[in-house]
1. So what is the diffusion coefficient of segment 285-467 in µm² per second by Stokes-Einstein at 37 °C and 0.692 mPa s, using a Kirkwood Rh over Cα pairs?
2. Can you work out the FRET efficiency for the pair residue 107 and residue 161, with r the C-beta to C-beta distance and R0 = 25 Å, to the nearest 0.05?
3. To one decimal place, what Kirkwood hydrodynamic radius in Å is obtained for segment 364-434 from all pairs of distinct Cα atoms?
4. Along the Cα→Cβ direction, 7 angstrom out, place labels at residue 313 and residue 350. What is the inter-label distance in nm?
5. If the label point is 7 Å along Cα→Cβ of residue 374, which residues in segment 325-366 have backbone nitrogen under 19 Å from it?
6. Between residue 132 and residue 35, how high is the FRET efficiency from 1/(1 + (r/R0)^6) when r is the Cβ-Cβ distance and R₀ = 25 Å? Nearest 0.05.
7. Taking amide H atoms as placed 1.01 Å from N in the peptide plane, list the residues 5 or more away in sequence, or in a different chain, whose amide H sits under 5 Å from that of residue 487.
8. Sort 527-535, 423-431 for me by packing, meaning the mean count of neighbouring Cβ atoms within 10 Å per residue, highest on top.
Amino acid sequence: MKKSVITISFLILAVLFVSPISVSAETKAGIKPGSFFYFFDTTFEKINLFFTFNPEKKAQKNLEYANERLAEAEAVAEEKNTDAVKTAVAGYESNIALATEESSQIKDKGKTEELLNSIADNTSKHQEILAEVLNKVPDEAKEAIIKAMEVSKKGQEEAMKQIADLKGEVEKLKQEVAELKTQNEEQEKTIGEINNQKPETKPKPTPASASIKPTTPQTSETTTTPKPTTSSQAQTKTASVITFPNGAVVEMDESGNIIRTIKEAPVTPTTSQTSSQSVSVVLSGDEILSRVAPSVVLISTSCCTGSGFVVNEGRFVVTNAHVVNNEDTSGHILERYSIVEMTLYGGKVIKGTVLSRDEVTDLAIVSTGSERPQAAVLGSSAASALKVGNDVFTLGYPRKLANITLTKGILSSRQILNSQSLLQIDAAINPGNSGGPLINNKGEIIGVNVSRLLNTEGIGFAIPIDVAKEVISNLASGIENLIFDPVIGSNLVIPRSIVSRIGLNPSLSCDQLGYFGNNLKLCNLYKNNQSEYKWTIDENQ
């Protein structure tokens, strides 16, 4: 009995002292893993989640707990406590997965999108924190941190995917509502026309024999039995057949009353019905130019010019890798540029940072910095959506012309050159057009123009957009897996944050400083081979 009282008292104290800590521990560690009260702290969190039935609140709590687990992992990493790190990381993985899962159960689309954006922003920050923790923990705990980084990336990707799906669903609902509204308006208009239409009938002359005398009471003596008339004879004399403009045919009396309907008005499709039968709208050249031109940029380097187009809500420009390289006539790379000049639609000139390039597929991604020009709409280059013989259009700045140029052609065939799938078109792609968009007749980007493959007149090639999409998607998800191999003597751009961290920690390697991907390569080059390159420090990063 005495033991039971002690146990119950202990649990009450745990509730009083542990619960407040867990509530206030959103951005900093509370009770550390491995401590005496940690089990009770996490247990009460689980109980709290179990009795939270609102999906929105449940997702928010899981995100808060994930932030707390991450703070705990960061705190115990300083102490080189492997088991405690693994415990905190395991809790983080569980909370992030549950936050993403619960967000999909929220019925309010606006709240769902807001929460998913919060998850995507948080997981992006989490990956930076985990990268720093990775360099603090013992080797036996590194695997757990790497796994947590993968879970964080997966959570970010899932949140972004759900946001994209949600926006598509909302747009579809808006379109359906607009179509229903249009349909109702058309029906009301048709009904109004029928009700307002009155046939124009000329008054029939009154026969002389039927002139009316002053009314006097008639007696049976003056009322001789008239010759009987049938109802059909009466209708023949007084009724008329009228055809309405909408195609309806009716029989009406002299007063304009419908006696009977001879033919119903034919049913005509409403505007919404007609548009639903025509799924895609074919645009003219002028319409394509006005729709896509604001997304096309002129790219200039010290040796040449090219084109590109804006993607990812205006954050990036897609172009050819050879546009941001200096190559000789044989294709040998003399220099890889890190900074290029971009002229936006309308004439504004900005500096663009080359984030990554893939010289196998001949694609490169350039950052627009703080600018957010209009992004292009990406279509599909699949054979089911794009057939040989379809009209295609190229947009770009050939030979650095001041005005953008639109050229029309057709898709001639699909080719495999050097193990790479390409779209062959008959529209000319001149120097300067490289990197610009290939567009279908709906104003969607279906390829990236390439001019350096063959020198044959009248033949152009484009990289299918479905190939480019994977590169764009990888960069947007934070996966830096593209080629970064600068030529000695070239100019490289390095963020001020990397330079500062190297200066403050001269004895630590770049791995220990927490860098990976392209930032790790930049750090190593600046730290170990600084004199072999020209450096530009980006003060905004």
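A short reminder: the numbers here are calculations on the coordinates, not readings from a lab. Quantities reported herein were computed from a predicted structural model and do not represent experimental measurements. Reconstructed Cβ throughout: ideal geometry from the backbone, glycine too, with neighbour counts over all protein chains shown.
1. The diffusion coefficient I find is 206 µm²/s.
2. Numbers: r = 19 Å, r/R0 = 0.77.
Efficiency computed from Cβ-Cβ geometry: 0.85.
3. Final number for the Kirkwood radius of segment 364-434 is 14.4 Å.
4. For the pair residue 313/residue 350, the computed spacing is 1.5 nm.
5. 343-350
6. On the way: r = 23 Å, r/R0 = 0.91.
Calculated transfer efficiency: 0.65.
7. Amide H to amide H, under 5 Å and 5 or more residues apart or across chains, residue 487 pairs with 336.
8. In descending order of packing, they fall as 423-431, 527-535.
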